[in-house]
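Worksheet for the structure shown next.
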Amino acid sequence: MSSKILVVDDKQMMRDSVATTLQRSGYQVVAAADGNAALRMVTRHRPAAVITDLKMPEMDGLELLARLKKTDEQLPVVVMTAYGSIDSAVRAMKEGAFDFIQKPFEGDQLVITMRRAVERFELVRENAALKTHTRSFQETPVLIGRSQGMRSLAQQIQQIALSQGTVLINGESGTGKEVVSKTVHAHSPRRDRVMLCVNCAALSSSLLESELFGHERGAFTGADTLRKGRFELADGGTLLLDEISEISPQLQAKLLRVLQERQFERVGSSVSMRVDVRVIATTNRDLAKAVADGDFRQDLYYRLNVLPIELPSLRQRLEDVPLLADHFLALVAKREGREPKRFDNEALDLLTQYTWPGNVRELQNICERASVLTKGQVIAGRMIEPWLVTATEPEEALGGVKPLEVVQRQQILHALDQFNGNRQQTARSLGIGVRTLGLKLKKWKEQNLVAQSV
Ligand SMILES: Nc1ncnc2c1ncn2[C@@H]1O[C@H](COP(=O)(O)OP(=O)(O)OP(=O)(O)O)[C@@H](O)[C@H]1O
Ligand SMILES: [Mg+2]
């Protein structure tokens with residue numbers, strides 16, 4: 001669908017003639033007779049460019065320009081100046097106009113100027129979209145670990161990176177699914193192309209659909225501009241679909257088609273687009289079980305599970321804990337521009353005996369918290385002990401000796417603490433729904449089993 005241009009002129013003849021020329025070249029046009037109407041229309045129609053007369057009663061073109069720049073710095077504004085009034089053209093350019101055009105002008109000249117303006121706007125917007133979503137992927141990922149599990153993982157990543165196949169990464173929360181996916185991309189032939197990420201659990205089904213596949217202008221209420229989806233924007237690169245188990249049956253069908261045929265349509269369009277995107281999906285649920293339970297399409301599961309990566313939990317590779325701890329302490333130190341602190345022997349014993357329900361992320365949090373709270377250079381065991389909730393209880397005892405609900409309550413409270421009370425993150429880390437978490441907490445509060453402030 002074509003881009004929209006706003007034409008502003010107090011003289012109707014001029015307005016109409018500019019509008020008609022632009023419409024004939026395929027643009028959608030909205031028009032305003034004065035500055036205030038123009039400002040309202042920008043909010044309502046979100047044009048890709050504005051062309052305005054300079055001389056207008058009430059608000060003149062320069063003032064309109066200044067106010068438009070305040071609302072949206074990127075919106076290109078072209079000013080129309082009277083023949084011979086080069087001064088005002090120069091002033092407008094100084095004030096941030098994208099370009100000027102002297103009256104009288106030919107239709108071609110108008111169309112060429114406006115096409116440049118629109119293209120600039122679209123380029124800027126696309127870059128901004130890519131930037132916000134790739135920021136975290138800019139730095140080269142590091143994967144720390146010398147355990148057998150990590151060594152074979154590193155080997156597996158090297159092989160998988162070279163192939164083009166879809167990757168399915170499975171692992172508990174905080175085991176490093178995102179770092180591993182970045183590493184795969186960084187070692188792949190696509191490393192110089194973009195890598196984008198979509199969290200499938202964070203959006204409603206319809207929002208996720210337009211996030212993934214984009215939408216046409218007017219495809220649904222509120223869709224007032226064309227929007228490219230992540231599949232389109234990631235063309236040539238890699239797309240990470242985080243928490244894939246959470247997508248709706250309807251989207252599962254659409255995703256299956258992209259994976260099978262590399263084709264899809266924007267929401268509200270019947271035109272198929274072809275893309276070359278490598279998909280990496282992650283999950284902390286057992287997808288095979290979700291298939292057996294009827295929650296996840298079997299055919300989609302097979303399409304995703306071409307190259308599976310199974311991440312070991314941190315408690316399965318406790319020998320990596322000191323190494324990881326050093327790495328995280330060094331990171332904090334670097335950020336704060338000082339020498340890294342270190343754990344004393346007692347602390348290291350505790351850390352290497354703990355069961356790590358929150359895996360590497362939990363260890364990272366503890367390292368950061370301990371660095372901040374310790375005054376000297378050495379972090380003492382007694383400082384971190386209270387944070388390691390299950391540290392004194394051997395893993396086997398968790399389900400056996402204590403009633404399951406007690407264990408569950410401890411885990412949940414611990415996770416809540418770890419995420420500073422953020423229920424969304426807590427629920428995610430535990431692999432349960434936010435609603436389930438809310439209901440559990442409500443029940444426990446009623447029974448006075450947890451603090452009312454939780
Ligand atoms: N092997 C590793 N070496 C260094 N850092 C790691 C490693 N594994 C994980 N991390 C760090 O631990 C944190 C959590 O990792 P990540 O976000 O990749 O986990 P995840 O499995 O995607 O978690 P979630 O399921 O909660 O999304 C990140 O800060 C990451 O950099
Ligand atoms: Mg993740």
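One table, with the values for the structure above:
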item: Sole exception among (1) over 30 Å from Lys4 (Cβ atoms); (2) in contact with an Asp or Glu (Cβ under 7 Å, 6 or more places away or on another chain); (3) away from ligand 1 (no atom under 16 Å from the Cβ) for Leu259, by number; result: (2)
item: Matching option when the condition is under 16 Å from Asp320 (Cβ atoms), touching a strand residue (DSSP E or B) at 6+ places or on another chain (Cβ under 8 Å) and either modelled with pLDDT of 95 or more or within 16 Å of ligand 2 (Cβ to nearest atom) (or both), among Leu153, Leu143; result: Leu153
item: Residue in region 207-215 that is of a type in the set (Phe, Trp, Tyr) and surrounded by fewer than 21 Cβ atoms within 10 Å (Cβ to Cβ) present; result: no
item: Pick from region 362-386, criterion charged (D, E, K, R) and farther than 13 Å from Pro340 by Cβ, ranking: surrounded by the fewest Cβ atoms within 10 Å (Cβ to Cβ); result: Lys375
item: Any chance Glu95 is at pLDDT below 90 and either β-branched (Val, Ile, Thr) or closer than 27 Å to Arg227 by Cβ (or both); result: no
item: Strands (runs of 3 or more DSSP E) within region 158-256 that include 3 or more residues modelled with pLDDT of 95 or more and either closer than 26 Å to Phe328 by Cβ or within 16 Å of ligand 2 (Cβ to nearest atom) (or both); result: 167-170, 238-242
item: Hits in region 165-185 - residues which are within 14 Å of ligand 1 (Cβ to nearest atom), out of contact with any Pro (no Cβ under 6 Å at 6 or more places or on another chain) and not hydroxyl-bearing (Ser, Thr, Tyr); result: Val167, Ile169, Asn170, Gly171, Glu172, Gly174, Gly176, Lys177, Glu178, Val180, Val184, His185
item: Residue identified as modelled with pLDDT of 95 or more and touching an Asp or Glu at 6+ places or on another chain (Cβ under 8 Å) among Ser313, Ser269; result: Ser313
item: Long-range neighbours under 8 Å by Cβ, at least six apart or interchain, first residue within 14 Å of Gln408 (Cβ to Cβ) within region 436-450, second of a type in the set (A, V, I, L, M) and in a helix (DSSP H, G or I); result: Thr436/Ala427; Leu437/Ile412; Leu437/Ala427; Leu437/Leu430; Lys440/Ile412; Leu441/Ile412; Val450/Leu413; Val450/Leu441
item: Qualifying residues in region 272-286 (those that are part of a strand (DSSP E or B) and within 18 Å of Ile244 (Cβ to Cβ)) - the one farthest from ligand 1 (Cβ to nearest atom); result: Arg278
item: Residue among Gly222, Gly218 that is outside the structural domain of Gln425 (by TED's automatic domain parsing), more than 20 Å from Gly171 (Cβ to Cβ) and under 23 Å from the mean Cα position of the chain (by Cα); result: Gly222
item: Qualifying helices (runs of 4 or more DSSP H) (wholly inside region 328-399; at least 2 residues being at pLDDT 95 or above); result: 345-353, 359-373
item: The listed residue being within 16 Å of ligand 1 (Cβ to nearest atom), over 18 Å from Gln410 (Cα atoms) and not aliphatic (A, V, I, L, M), out of Glu339, Glu368, Glu346, Glu362; result: Glu368
item: Hits in region 151-166 (condition: of a type in the set (A, V, I, L, M, F, W, C) and either closer than 23 Å to Arg262 by Cα or without any contact (Cβ under 8 Å) to a residue 60 or more places away in the chain (or both)); result: Ala154, Ile160, Ala161, Leu162
item: Selected residue (only one of Val267, Val306, Val271 is at negative phi, assigned by TED's automatic domain parsing to the domain that holds Glu211, among the aliphatic types (A, V, I, L, M) and crowded, with 17+ Cβ neighbours inside 10 Å); result: Val267
item: Matching residues in region 85-99 - criterion: being without any contact (Cβ under 8 Å) to a residue 24 or more places away in the chain and assigned to a helix (DSSP H, G or I); result: Ile86, Asp87, Ala89, Val90, Met93, Lys94
item: Residues satisfying the stated conditions in region 63-84, i.e. part of a helix (DSSP H, G or I), surrounded by 19 or more Cβ atoms within 10 Å (Cβ to Cβ) and either out of contact with any Asp or Glu (no Cβ under 6 Å at 6 or more places or on another chain) or of a type in the set (S, T, N, Q) (or both); result: Leu64, Leu68
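Results for (1) of a type in the set (Ser, Thr, Tyr); (2) within 21 Å of the chain's Cα centre (by Cα); (3) more than 22 Å from Arg303 (Cβ to Cβ), shown as yes or no for each residue.
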| site | (1), (2), (3) |
| --- | --- |
| Arg151 | no, no, yes |
| Gln156 | no, no, no |
| Ile160 | no, no, no |
| Ala201 | no, yes, no |
| Ser205 | yes, yes, no |
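The values are calculated or read from the model by the stated rules, or taken from the named source; none is laboratory data. A quick note: this is a predicted structure, and the numbers were derived from the prediction, not measured. Positions of Cβ are generated from backbone atoms using ideal geometry, with glycine treated the same way; all protein chains shown enter the neighbour counts.
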